[in-house]
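The values are calculated or read from the model by the stated rules, or taken from the named source; none is laboratory data. Note that the structure is a prediction, hence the values are computed from the model and not measured. FYI the Cβ positions are ideal-geometry reconstructions off the backbone, even for glycines, and counts take in every protein chain you see. SASA here: full protein model, heavy atoms, side chains in, ligands and nucleic acids out. Shrake-Rupley method; radii C 1.70, N 1.55, O 1.52, S 1.80 Å.
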Amino acid sequence: PMLLHLLDTLAGISPAETVVVRGPDMTDITEAVAGHPLLPTVMVQQERLGTGDAVRTGITATKIKDASVGTVLILFGDTPLLTEETMRSLLQARTSKDA
């Protein structure tokens, strides 16, 4: 699955936590990521209310309790060609500009 390509690339930046958000009818995603080395937590977005709601669903599974502390990198599972270099550049831009 495309999602596994993305997770493999993400593993190169060694995230502290990884969360995958899926729809209620997408059990195959849970099965697909179950053996991945990042050990992603899978959250179910019960109602598909858009990307913002998916982010809110995913955040509830993290250790982040204060949005002003830490960095969250939001990626889309259908972007398997995103590179580790691009991910690192996004994170660098966030920290260097205090975005």
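Counting 0.36 nm for each residue step from LEU91 to VAL69 and taking away their Cα separation leaves a gain of 6.5 nm.
Only Cα pairs under 8 Å and 6+ residues apart enter the sum, and on that basis the relative contact order of the chain stands at 37 percent.
Restriction of the trypsin sites (Lys or Arg not before Pro) in the chain to DSSP coil positions whose beta-carbon has at most 13 other beta-carbons within 10 angstrom yields ARG48, LYS63, LYS65, LYS97. Measuring nothing but protein heavy atoms, the accessible surface of region 1-86 at 1.4 Å probe radius is 58 percent carbon and sulfur. Scanning residues 5 or more positions from VAL42 or on other chains, those with amide H under 5 Å from its amide H are VAL20, with H placed 1.01 Å from N in the peptide plane. In this Cβ point-charge picture (+1 for Lys and Arg, -1 for Asp and Glu), the chain has a dipole of about 340 debye about its Cα centre. Placing unit charges on each Cβ (+1 for Lys and Arg, -1 for Asp and Glu) gives the chain a dipole about its Cα centre, and among VAL21, ILE74, THR41 the Cα reaching farthest toward its positive end belongs to ILE74.
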